[in-house]
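Everything on this sheet refers to the single structure shown next.
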Amino acid sequence: MQDQLNALRLEAENAISVAKTTSDLDETEVRYLGRKGRLTDMLKMLSGVSAEERPKLGALANDIKRQLEIMLASRRKQLEEEQYSKLSETERADVTEPGNRPPEGHLHPMTKAINEITEIFERIGFVRTRYPEVDWDFYAFESLNMPKDHPARDEWETFFMDAPVSKKGKMVLTPHTSNSQVRELERGEFPVRMINIAKCYRRQIDATHVPMFHQFEGLYVDKGVSIAHLRGVLDYFAQEFFGPERKTRLRPYHFRFTEPSFEIDITCGVCGGTGISAEKQKCKMCKRGWLELGGAGMVHPNVLKAGGVDPKKYSGFAFGWGVERTYSMKGGLNLDDIRILYKNDLRFLKQF
Ligand code: FA5
């Protein structure tokens, strides 16, 4: 067996030194050292030799195995270097060739919508502000003419923070951007022309509601501001954002912080405000020609007072709309479930 092992060593050493490529070497390695290789077979046969001879033969076989592994590694290195140096003779890198472009993302559709809304209002002198998205109850509710325990607060389905209570009340995840109204008035600079776009949070989830969403809040306060100004600004926004053919209307509504209050509707982009589809059927999108956009109204005197403003001298309007809702009404979009905006599904997001 010793002779057989030595003969095998010579044969394998020879095969290694004559290998011309790394794949030849791979084959040689499998042939001698692989799971069913010839040296492996001989190692298995050791169990059949006598107990006296076994240690000596075992040591020899292992020694041969180690030697062959060293030879294989050194021959592989040599062959790789040869192959590589040949490559540099035959192939040249063209540094002028364009590289591979890394995958490129883009802004989320809501970020784009926020930027677009900001630009539209900035063109008529509104200034984008930033106020806390976790705020005191005072700014989110109380200063907005909603005293403690007022049932209207239930509509906001608020997330309260587990944090110490101050004289401005509990801390809340802002359920609307209207917390910015009194904060902005407290600055005491007139005219106020604020557009505040921020995250809002409510305990709601269905096809038209998500627990985290965005609102944009407009506030215009000066001497002699009237509903006519509100109409003018809302029509301007609707035509810039949705297209020149779209019209808005005010519908009476109730908010504690505006008086009078309105819901704003916009003519449907699918049926052009007729309520009748191109197939002479009731429009599936709106059913009656109008779509609800959001709330608005003339700032309530108590809100002006809470912000230190004299309601006898100043008046103003405010509106607060959902960015997701407004965006989903853009013509041709037909987003029938806004939850998809936050599912991080690239098949959807890549379309924007
Ligand atoms: C308000 O939040 C008032 N603060 C709006 C306002 C401001 C009125 C200033 C008057 C003056 P409302 O709860 O209706 O109102 O919400 C306004 C808009 O926010 C809705 O029309 C809708 O577009 C959006 N919105 C509300 N809840 C959600 C939600 N869970 N998910 C997505 N959008 C929502």
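The values are calculated or read from the model by the stated rules, or taken from the named source; none is laboratory data. All figures in this text were calculated on a predicted structure; none of them were measured in a lab. Neighbour counts are summed over all protein chains in view; Cβ atoms, including those assigned to glycine, are modelled from backbone coordinates with ideal geometry. To get the accessible areas, we keep the full protein, side chains included, count just its heavy atoms, and leave off ligands, DNA and RNA. Shrake-Rupley method; radii C 1.70, N 1.55, O 1.52, S 1.80 Å.
Taking 0.36 nm per residue of separation and subtracting the current Cα-Cα distance, fully stretching the chain between residue 336 and residue 5 would add 111.5 nm.
Rounded to the nearest 10 degrees, the angle from helix 2-18 to the longest Cα principal axis of the chain is 60 degrees. Counting every alpha-carbon pair across the range 210-276, the share separated by more than 15 Å comes to 64%. Its relative contact order, with pairs defined as Cα atoms under 8 Å and 6+ residues apart, puts the chain at 14 percent. For the peptides 58-66, 100-108, 286-294, residues were scored by their other Cβ atoms within 10 Å and the scores averaged per peptide; the highest-first order is 286-294, 58-66, 100-108. Taking 45, 171, 194 as the candidate residues, the one with maximal mean-square fluctuation in a Gaussian network model of the chain, Cα springs under 10 Å, is 45. For the chain, the longest principal axis of the C-alpha atoms and the axis of helix 109-122 are separated by about 40°. Packing around the peptides 242-248, 214-220, taken as the average count of other Cβ atoms within 10 Å per residue, puts them in this order, highest first: 214-220, 242-248. Counting protein heavy atoms only, the range 2-90 has 52 percent of its accessible area on carbon and sulfur, 1.4 angstrom probe. Taking amide H as placed 1.01 Å from N in the peptide plane, residue 145 has no amide H partner under 5 Å among residues 5 or more places away or on another chain. Just the protein heavy atoms count here, and of the accessible area of the range 253-335 at 1.4 Å, carbon and sulfur take up 51 percent.
Shape of the range 167-243 from its Cα gyration tensor (a ≥ b ≥ c, root eigenvalues): rounded if a/c is under 1.5, otherwise prolate when a/b > b/c, or oblate? Oblate shape, in that a/c is at least 1.5 and b/c is the bigger or equal ratio. Only Cα sites of the chain enter the Debye sum here, all with the same form factor; the resulting log10 I(q)/I(0) across q = 0.09, 0.11, 0.13 1/Å is -0.61, -0.79, -1.05, listed in q order. Measuring spread by the Cα atoms of the range 2-90 yields a radius of gyration and Dmax of 15.6, 58 Å.
Here the peptides 149-156, 296-303 are ranked by packing, the mean other Cβ count within 10 Å, and the order with the highest first is 296-303, 149-156.
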